[in-house]
Every structure is written in structure tokens, then in C-alpha cells.
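Shown next, in C-alpha cells, is the structure this report addresses.
Nothing in this text is a laboratory measurement; each read-out follows from the coordinates by a stated rule. Just so you know, these numbers come straight off a predicted model, no measurement behind them. FYI the Cβ positions are ideal-geometry reconstructions off the backbone, even for glycines, and counts take in every protein chain you see.
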């Protein structure tokens with residue numbers, strides 16, 4: 001094949017790929033937020049805006065992975081990150097609610113309690129519970145309230161843990177974007193995990209009851225925000241920042257419209273940045289092919 005015809009063929013291939021990328025962008029969804037030090041944010045960026053699971057959380061209450069909260073601004077820290085995923089694939093991702101103590105059954109509106117599920121010492125109990133829910137441990141996104149005192153029922157704050165097997169699966173295309181606290185590019189909207197159809201979401205058995213107790217699920221859209229365990233490299237305590245407030249449960253339409261606009265603008269900017277990177281990569285590949 002001549003250099004000219006070879007170049008033309010490569011041009012057609014590149015054009016087809018670029019049209020596909022720019023004409024049919026993959027719809028994404030914001031799935032949560034995470035606060036990290038600058039060093040961790042830099043590691044994420046170096047990793048292609050992907051989570052780095054070599055960085056461990058200080059407190060892994062419901063297993064290894066990246067701990068995420070449903071709303072921004074609840075932890076002090078240098079960098080506020082928001083996390084996105086492929087909307088269609090994330091909807092199908094297996095998800096399980098993990099209570100502090102296993103719910104064996106519901107009797108007359110009360111949850112009958114079983115074995116404790118939090119922390120590494122109860123990992124076997126937790127894995128058995130996840131299997132009982134029809135999911136695979138290590139490949140399932142887990143949700144729970146945050147335990148601040150083992151002698152008390154956890155909550156009301158929420159946490160989600162993305163295990164490495166999920167975070168590194170290319171079909172979910174999970175990306176993390178970090179900015180200084182207060183940066184306008186950070187979405188303002190709370191993610192309504194309650195609306196994702198997760199069975200028993202918010203249900204708890206009281207650890208101090210010794211038998212059975214009940215706790216109503218957190219109402220959808222309640223505005224309660226999560227405070228994940230401290231992240232690796234963080235010098236902050238395990239308490240939300242002083243004076244922090246949960247988002248209003250019923251924000252005005254004007255605020256919702258503004259938040260949505262900022263979110264859409266941020267996603268558009270990130271999409272343009274990703275496409276530019278793809279075009280540069282394709283250009284380099286074309287040049288390598290022509291001159292080698």
C-alpha cells in the first residue's frame with residue numbers, strides 16, 4: 001500500500017472514530033462525592049481521572065473500596081471530588097443495603113436481628129449476608145448508615161462503598177473529578193440513593209436491643225447527607241465539619257434550576273476535555289503510523 005493510500009485509510013478510520021465519540025457521547029450520572037487531600041486528587045488525575053484503590057480509607061466499616069457520600073461539603077478537606085459513571089450500566093450494577101446488624105426477618109413491623117456486619121472482624125458475616133441477598137461479595141456496591149458509636153444505632157448519615165472490582169470495571173466508566181472546596185465546577189445536588197430501588201434501604205436492627213428492634217428507612221430526598229470515614233492521607237477527625245448543614249429537603253425551584261445548570265455545564269466541560277484528549281491520542285497514533 002502506498003503512503004498516500006495508507007494515509008487516506010487512516011484518515012477515514014480516525015474520522016469515523018471522532019464522529020462516533022462526538023456524535024454519540026455516553027450519558028453519565030453523578031453517583032456521589034468524596035473529600036481527599038491534594039496528593040490523592042493528583043493521583044486520581046494521573047490515573048486518568050479514575051479511582052486509585054491502592055489508597056486505603058482509614059475506616060472501612062463495610063469492606064474495602066472507595067467510600068462515597070451522597071452530597072458535597074460535609075467534610076473539611078483540601079479537595080472535593082465528584083464521581084460519575086455510565087448511566088445505563090450503573091443502573092444495572094448490583095447494590096445491597098448493609099445494616100449494622102443483619103436483618104433476619106420482619107415480624108409485625110419489627111426487624112428481627114441477627115449477626116453484626118460492620119468492620120473487618122465481621123467480614124465473613126457481611127459476605128454471607130450479601131450472598132443471601134443474591135449478590136456477589138466484592139463485586140457489589142454496598143450502602144449503609146455510618147456508625148459513630150458501636151453501642152448505638154448508626155446514622156442518620158449514609159455512605160456508599162465502591163469495591164475495586166466495580167471501580168475498575170471499564171463498563172461502568174467510573175471517573176472522579178476533584179476541585180478545591182467551593183469551586184463552582186462541583187455539582188451542588190444531593191444524589192438520591194434512596195430512589196435507586198435498593199431493597200431494605202435504610203432499615204436497621206438496634207445493636208443494643210439484644211433481640212429485635214426497628215428503624216424506619218431514611219425517607220427519599222430527605223436531604224440527609226453522608227459523612228464517609230476519613231480518607232487515606234487525611235489529617236481530619238471522624239466528625240463532620242463544625243456548623244455544616246444538610247441540604248434543604250425542599251429547595252426552591254430557582255435553586256434547583258441553578259444547580260442543574262451548573263451540573264450540566266460541568267459535565268459539558270468534562271466531556272469536551274475528554275474528547276480533546278481522545279483526539280490528541282488519535283492524532284499521535286496517526287503520526288506514528290505515518291512516520292514509522
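Label-to-label distance for residue 179 and residue 195 is 2.2 nm, based on points extended 7 Å past Cα in the beta-carbon direction. Placing dummy labels 7 Å off each Cα toward the beta-carbon, the span from residue 29 to residue 125 is 3.1 nm.
With a simple spin-label model that places each label point 7 Å from the Cα along the Cα-to-Cβ direction, the separation between residue 112 and residue 52 comes to 4.9 nm. Please identify which residues in the range 133-166 have an amide N closer than 18 Å to a label point set 7 Å out from the Cα of residue 104, following the Cα→Cβ vector. Residues passing the 18 Å test: 133.
A full extension of the chain between residue 39 and residue 92 corresponds to an added length of 15.8 nm, given 0.36 nm per residue minus the alpha carbon distance.
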